[in-house]
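Colleague: First, the structure itself, so that you have it in front of you.
The values are calculated or read from the model by the stated rules, or taken from the named source; none is laboratory data. Only a predicted model underlies this, so the values are computations on that prediction, with no experimental measurement involved. For neighbour counting, all protein chains shown are included, and Cβ atoms are generated from backbone atoms with ideal geometry for every residue, glycine included. When the accessible area is computed, the model is the full protein with side chains, heavy atoms only, and any ligands, DNA or RNA have been set aside. Shrake-Rupley method; radii C 1.70, N 1.55, O 1.52, S 1.80 Å.
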Amino acid sequence: MDGLVDSLMEELNCQVAFTIPIFGGIDVLESVAVTWIIMGIMMVATLILVHGLKVRKIGTKQAVLESGFTFIWNFFEELLGKEGTDYIPYLITVVLYIGIANMIGLLGFKSPTKDLNVTISLAVMSIILVEVAGIRKKGVKGWIKSFAEPIPIIAPINVLELFIRPLSLCMRLFGNVLGAVVVMALIKYLVPLVAPLPFSFYFDIFDGVIQAYVFVFLTSLYIKEAIE
Amino acid sequence: MTGLIAIGAAVAVITGIGAGLGIGMATSKAVDAIARQPEADGKITKALLLGCALAEATAIYGFVIGLLIILFLK
Amino acid sequence: MLNINFWNIAFTVINLLVLYFFMRHFLVKPMQAILEERKQMVERDLDDATRSKQEAEKMKREYEASIQNADAEADRIVETAKARGTEEYNRILAQAKTDATKKMEEADRTIALEREKTLSDLRASVADLAMVATAKLLAEQSGPQNDRNCYDAFLSQSGEKHD
């Protein structure tokens, strides 16, 4: 039993990757290092795919890229409406990042979303984006007044929602990934042979993609509500 | 003390019942809708998956709280 | 597990912002540019195609109108040609007739003239003959038998001539 607890604790804890020797030693956790790796993958893939774009006589690679891009773009435009197209690049970035971050377990790295810091930063950025969208659309006065809609009595609940939404986003993502990690650790401890494989597929691919989709969908829903 | 911790963690995870019931009912209604109108199954599936992920969140909150109770209360 | 470290949050936020700007500059902007350009090109091509089709329709109508005119024109030309042909034919016929009558008249006149000439020649030869006969008669100085012989001789010679 101790072996199980030990392996579990090891999986759950975030280890320090390296230390920056300024300000009295800042610990850089491994999640930041894996995030760098993910950024590297995404940047290289983008540069390779965008390399030779043409207008006529496009090759297969460009056709696939264009069809995927148009599909995602139309999907977001349907959610956000015509006025929200400014925010679509951020949502595309986030969905790709979370998707790859959840699936990086297949490659053997530790997923960065297992770290509470990453999910907190994602949620905080999302909520700042939503409020900025609201302020840009309505102006500061209109944004403050929108807290009193539809009835002024609900104003405290609206203000509270300002903090509850990012918390729920963050905990949802973190909890899903944590649950996946715990179950995987249990299975690996008990049946270390073939059984982890399908579960790993289910948790990493299916669950990861759905969680990324839900995160981005909720953010765009909030943006739509703020833009009205 | 460990007994109380264990009971606390168990109570925290009872929230899983709500998620199970809710998702079960949602899925049954979704299957009914698909049976009634098979060509709308793309939209129905999307809405179902979204609803399931959102409903599962409450169960996940309970699970996380249970885990925190086990790990951090000595 | 709950190692909430402010610096890590800051690092992650910086990472995400860098990633966002990179993706927006290298993926979203070029894709949008290409899609927009293609949409413009397709619209331009469609406009050109509609305009060409309209022009083609207009030209076709013009050609049909001018073809109809051409048919009417052709008919008219044929009519004029036929009329002129008949007129020419009639004219030539009339001219030929007049020419023929004139030639016949001329021939008649020539024949008459010839006859006159022959007659006058005949008269002259008759006169010569008479003179020869007279001379012969005078030379012979014979009686009435000679006269009768002379007359017979003269008549038979005249008859020969007439024959």
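Colleague: Please compute the average number of Cβ atoms from other chains found within 10 Å of each residue's Cβ in peptide A:47-56.
Modeller: Shielding by partners across A:47-56 averages 3.
Colleague: Given the C-alpha centroids of region A:3-57 and region A:106-171, what is the distance between them in whole angstrom?
Modeller: 25
Colleague: Got a number for the accessible area of A:M103? Probe 1.4 Å, square angstrom, nearest 10.
Modeller: 60
Colleague: Right, another one. Checking understanding here: applying a Kyte-Doolittle mean of at least 1.0 and a length along the axis of at least 18 Å (C-alpha), which whole DSSP H helices in chain B pass?
Modeller: Helices passing the filter in chain B: B:41-72.
Colleague: So, one more: Restricting to DSSP H runs of at least four residues, report the calculated mean residue ellipticity at 222 nm for chain A, -39500 (n - 2.57) per run over all residues, nearest 500 deg cm²/dmol.
Modeller: Value at 222 nm, helices only: -24000 deg cm²/dmol.
Colleague: Step through the residues of region A:120-136 one at a time and calculate ³J(HN,Hα) from phi using the Karplus curve (6.51 cos²θ - 1.76 cosθ + 1.60, θ = phi - 60°), rounding each to whole Hz and writing x for Gly and Pro.
Modeller: With coefficients 6.51, -1.76 and 1.60, one gets 5, 5, 4, 5, 5, 5, 4, 6, 4, 4, 5, 5, 5, 4, x, 5, 5 Hz.
Colleague: Name the residue farthest towards the positive end of the dipole of the protein assembly as shown from the options A:V132, A:L160, B:A10, assuming +1 on Cβ of Lys and Arg, -1 on Cβ of Asp and Glu, about the Cα centre.
Modeller: B:A10
Colleague: Once each part is reduced to its C-alpha centroid, what is the distance from region B:25-74 to region C:42-100 in angstrom?
Modeller: Cα centroid to Cα centroid, the span is 83 Å.
Colleague: Compute the relative contact order of chain A as a whole-number percentage, counting only Cα pairs closer than 8 Å that sit 6 or more residues apart in sequence.
Modeller: 28
Colleague: So how strong a dipole does region A:82-140 carry about its Cα centre when Lys and Arg Cβ are +1 and Asp and Glu Cβ are -1, to the nearest 20 debye?
Modeller: Dipole of region A:82-140, to the nearest 20 debye: 60 debye.
Colleague: Sum up the lysine pairs in region C:12-127 that clear both bars: alpha-carbon distance under 27 Å and a spacing of 8 or more or different chains.
Modeller: Going through region C:12-127 pair by pair, I get 5.
Colleague: About its Cα centre, what dipole magnitude does chain B give when the only charges are +1 on Lys and Arg Cβ and -1 on Asp and Glu Cβ, stated in debye to the nearest 20?
Modeller: Once rounded to the nearest 20, the dipole reads 120 debye.
Colleague: Where a Cα-Cα gap under 22 Å defines reach, which lysines qualify for A:K114, not counting those fewer than 8 residues away within the same chain?
Modeller: Partners within reach: A:K188.
Colleague: Using the crude model of +1 on Lys and Arg Cβ and -1 on Asp and Glu Cβ, and no other charge, please compute the dipole size for the protein assembly as shown relative to its Cα centre, in debye to 20.
Modeller: Using only the charged Cβ atoms, the result is roughly 1700 debye.
Colleague: Turning to a different aspect of this structure: Mind checking which of A:I38, A:I88, A:I48 has the largest fluctuation in a GNM of chain A, springs on alpha carbons under 10 Å?
Modeller: Result: A:I48 has the largest fluctuation of those listed.
Colleague: Now for a separate question. Go ahead and set up a Gaussian network model of chain B, Cα springs under 10 Å, then flag whichever of B:A26, B:A40, B:A57 fluctuates most.
Modeller: Result for chain B, Cα springs under 10 Å: B:A40 fluctuates most.
Colleague: Putting +1 on Lys and Arg Cβ atoms and -1 on Asp and Glu Cβ atoms, find which of C:F11, C:S66, C:A33 reaches farthest to the positive end of the dipole of chain C.
Modeller: C:F11
Colleague: Please list 3J(HN,Hα) in residue order for region A:192-206, calculated via the Karplus relation 6.51 cos²θ - 1.76 cosθ + 1.60 where θ = phi - 60°; whole Hz, with x for glycine and proline.
Modeller: Computed from phi, the couplings for region A:192-206 are x, 8, 9, 4, x, 4, x, 5, 4, 4, 4, 5, 6, 7, 5 Hz.
Colleague: Taking every residue in A:86-97, how many Cβ atoms of other protein chains lie within 10 Å of its Cβ, on average?
Modeller: The per-residue average across the peptide is 4.
Colleague: Could you pull out every residue, at least 5 positions away or on a different chain, whose amide H is within less than 5 Å of the one on A:L29? Hs are placed 1.01 Å off N in the peptide plane, and Pro or chain starts have none.
Modeller: For A:L29, whose amide H was placed from the backbone, the distant partners under 5 Å are A:A17.
Colleague: Also: Helix-derived [θ] at 222 nm for chain C: sum -39500 (n - 2.57) over DSSP H runs of at least 4, divide by residue count, nearest 500?
Modeller: -34000 deg cm²/dmol
Colleague: Per residue of chain B, what 222 nm ellipticity follows from adding -39500 (n - 2.57) for every DSSP H run with n ≥ 4, rounded to the nearest 500?
Modeller: Here the helix-only value at 222 nm equals -30500 deg cm²/dmol.
Colleague: Heads up, I need the accessible area for C:R44: 1.4 angstrom probe, whole protein in place, Å², nearest 10.
Modeller: About 140 Å², rounded to the nearest 10.
Colleague: For region A:1-90, build the charge dipole from Cβ charges (+1 Lys, Arg; -1 Asp, Glu) around the Cα centre, then report which of A:T19, A:V50, A:Y90 sits farthest towards its positive end.
Modeller: Result: A:V50, furthest along the dipole toward the positive end.
Colleague: Using a 10 Å cut-off on Cβ to Cβ distances, tally the other chain neighbours for every residue of C:35-45 and report the average as a whole number.
Modeller: 1
Colleague: Turning to a different aspect of this structure: Quick one: if the Förster radius is 45 Å, what FRET efficiency do C:M131 and C:A107 give, using the C-beta to C-beta distance and rounding to 0.05?
Modeller: Taking R0 as 45 Å, the efficiency between C:M131 and C:A107 is 0.80.
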